[in-house]
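**Q** Just passing along the structure, written as structure tokens.
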Amino acid sequence: MKNAINWFEIPVSNYERAKKFYNEVLGTEIIDHHMDDKNVKYGIFPYEMESHKVGGAIMQMEGMRPSTDGSTVYLNGGDDLSVPLSRVEAAGGKIIMPKMDIKENGFIAQFTDTEGNRVALHSME
């Protein structure tokens, strides 16, 4: 087993608002990949599918509820997570744990997104 995680899904209540938030914070583009069921909205974060890298998505559907409880997803903070973290509040989120040094494992920070999910960032600097 190369990775303990292969895929993650972040539940959202308002797909367009969440998509805008993550696009702004991460400086990326979430790609719409909605399901056949008209009530399921799905957007994929960029990832390297061919090399079997970990990927994930935001998902709006019945039964998926944003939460600050439960597992924490750590998104790639790039070279220095200070950059995306500095965009969180302007994009509508709230920083709940500022950048913290975790020694040889780099740095982490946590925030709540526009949907009410607790999400984190990780970088080596």
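The values are calculated or read from the model by the stated rules, or taken from the named source; none is laboratory data. Keep in mind the model is a prediction, meaning the values are calculated, not measured. Methodologically, a virtual Cβ is constructed for each residue, glycine included, from the backbone with ideal geometry; neighbour enumeration extends over all protein chains shown. Accessible surface areas use protein heavy atoms only, side chains included; no ligands, DNA or RNA. Shrake-Rupley method; radii C 1.70, N 1.55, O 1.52, S 1.80 Å.
**Q** How high is the relative contact order of the chain, in percent, counting Cα pairs under 8 Å that sit 6 or more residues apart?
**A** In percent, rounded to a whole number, it is 25.
**Q** Related question: With a 1.4 Å probe and every protein chain kept in, tell me what percent of the accessible surface of the chain is carbon plus sulfur.
**A** 50
**Q** Right, here's the next one. How far is helix 15-26 tilted, in degrees, relative to the longest principal axis of the Cα atoms in the chain, given as a value from 0 to 90 rounded to the nearest 10?
**A** 20
**Q** With an 8 Å Cα cut-off and a minimum separation of 6 or more residues, compute the relative contact order for segment 47-112 in percent.
**A** Here the relative contact order equals 20 percent.
**Q** With springs only between Cα atoms under 10 Å apart, run a GNM on the chain and tell me which of Val25, Val12, Val54 wobbles the most.
**A** So, out of Val25, Val12, Val54, the one fluctuating most is Val54.
**Q** Mind listing the phi-derived Karplus ³J(HN,Hα) values for segment 62-71, rounded to whole Hz, using 6.51, -1.76 and 1.60 with θ = phi - 60°, and x for any glycine or proline?
**A** For segment 62-71, the Karplus-derived couplings read 4, x, 9, 10, x, 7, 9, 9, x, 5 Hz, x marking Gly and Pro.
**Q** Which value in Å does the Kirkwood hydrodynamic radius of segment 1-76 take, with 1/r averaged over all unlike C-alpha pairs and then inverted?
**A** When all Cα pairs of segment 1-76 are included, the Kirkwood radius is 13.2 Å.
**Q** Over its Cα atoms, what ratio of radius of gyration to 2.2 N^0.38 Å does segment 10-125 give? Could the numbers behind the result be given before it?
**A** Working: Rg = 14.1 Å, N = 116, 2.2 N^0.38 = 13.4 Å.
Here the Cα radius of gyration is 1.05 times the empirical estimate.
**Q** Name the most mobile residue of Glu24, Glu104, Glu89, meaning the one with the largest mean-square fluctuation, in a Gaussian network model of the chain with Cα contacts below 10 Å.
**A** Glu104
**Q** Around Leu121, what is the net charge, scoring Lys/Arg as +1 and Asp/Glu as -1 over all other residues with Cβ under 11 Å from its Cβ?
**A** Net charge around Leu121: +1.
**Q** Also, quick follow-up: Might you tell me the accessible area per residue for segment 1-40, computed with a 1.4 Å probe and given in Å²?
**A** On the way: 2870 Å² over 40 residues.
Ligands and nucleic acids excluded, the result is 72 Å² per residue.
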